[in-house]
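A short reminder: the numbers here are calculations on the coordinates, not readings from a lab. Here the structure is a predicted model, which is why all the values come from computation and not from measurement. Virtual Cβ from ideal backbone geometry, glycine too; neighbours counted across all protein chains shown.
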Amino acid sequence: MVEFRPTEIHGLPGFRRRFIRTFSGIPYIDVLSHADNPAMPDSGSENFKIADPPCIENEPMPLNEIVARARRENRTVLTEIESKQILAQAGIDCTETRLARTRAEAVSVSAAFGYPVVLKISSKDITHKSDAGGVKVNLKDAAEVEAAYDGITQSALQRFPRAQIEGISVQPMARPGIEIIMGMTRDRNFGPVLMFGLGGVLVEVLQDVAFGIVPLERSDAAEMIDEIRGKKLLDGYRGQDSVDRSRLENMLLKLSAFVDANPEIAEIDMNPVFARSDGATVVDARIILRELSEAESARPVQS
Ligand code: ADP
Ligand code: MG
């Protein structure tokens, strides 16, 4: 995963400010590194099936209960729904996301949110949802939701026949904005490190990201945002509205405080966050828990 090379970082002017400048010597923190659908675990079934009982509830649960449930199920990767519930409790704006386990339920949840909506595959075995044909955006009515529900489950079945599917998650279309990525990983030298950059393909192609060591101060957050090469895009490039940087700073500060208070969390990936002139909203998120030591795993999990 993350391989910071401290010898290359020491001595940088930014380091004293607990802010690590992006430069070619720092490998990009690959917060998506867990996500390549490695050898698909055998769920014990050759056929696509909706998990029963559901391992995700729609009622928001507190962090410790979500973590306890994941531990009981021997999971370290939390689902999008669980991750967003946790981040929302930390005061971070996320699109409200609910699980549907039937086509009819997907339609009723969509109607309750109001159209347009987004449907996504929800499976602990599928982390790159779009790659699995598992994301359909801008669905405008019940018929489109039904077709998307079927399309998503069929592609998941084709690509990952053994994946256990919890259901299909439903969320409102977020108001458009500049796609940002924010994340956290734990570095063995620096402890928790936050990342900020432009999201979508830009993060993959340009690796235009900045890092900051937790706990962040507002000036660190402001510098991280100012550091990325593509920052012009945040400032109203070609007639677009400029994004509210103070809201992005707030989000980084909330993330910093949250990470500082929760050593159980190993990684956070919020990709993308839509940044607008009047706020910023997380539309996809994944939280990864710390691996337990053998002694810890042997202990019964408290819920
Ligand atoms: P993946 O698992 O492939 O990263 P995402 O949940 O990030 O899946 O969805 C893929 C893309 O779909 C996002 O980058 C974003 O552009 C779009 N998207 C996802 N959720 C929403 C939403 N609620 N509103 C608008 N666009 C969305
Ligand atoms: Mg994503």
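Counted by neighbouring Cβ atoms within 10 Å, the residues Arg286, Arg75 run from fewest to most as Arg75, Arg286.
Ranking of Leu63, Leu194, Leu248 by neighbouring Cβ atoms within 10 Å, starting from the fewest: Leu63, Leu248, Leu194. Between Asp284 and Asn271, the built amide H atoms are under 5 Å apart, and every one of these is 5 or more places off in sequence or on another chain. Applying 1/(1 + (r/R0)^6) with R0 = 30 Å to the Cβ-Cβ distance of Ala257 and Arg75 gives a FRET efficiency near 0.75. Taking only the C-alpha atoms of segment 111-182, Rg followed by Dmax gives 12.6, 36 Å. Can you grab the distance from the C-alpha centre of segment 146-176 to the C-alpha centre of segment 56-79, Å, no decimals? Cα centroid of segment 146-176 versus Cα centroid of segment 56-79: 20 Å apart. Under a 5 Å amide H cut-off, with hydrogens placed 1.01 Å from N, Gln164 pairs with Asp125 among residues at least 5 apart or on other chains.
Normalising by residue count, segment 49-172 has a Cα convex hull of 99 Å³ per residue.
Computed 3J(HN,Hα) for segment 183-188, one whole-Hz value per residue from the Karplus formula 6.51 cos²θ - 1.76 cosθ + 1.60 where θ = phi - 60°, is x, 9, 9, 9, 9, 5, glycine and proline marked x. In the structure displayed, which of Lys124/Lys232; Lys84/Lys140; Lys129/Lys231 lie more than 32 Å apart, Cα to Cα? Distance filter (> 32 Å) returns Lys124/Lys232. Residues Lys120, Lys254, arranged from fewest to most other Cβ atoms within 10 angstrom of their Cβ, appear as Lys254, Lys120. With a ≥ b ≥ c taken as the square roots of the eigenvalues of the C-alpha gyration tensor of segment 150-303, please select rounded if a/c is under 1.5 and otherwise prolate if a/b is larger than b/c or oblate if it is not? Verdict is oblate for segment 150-303.
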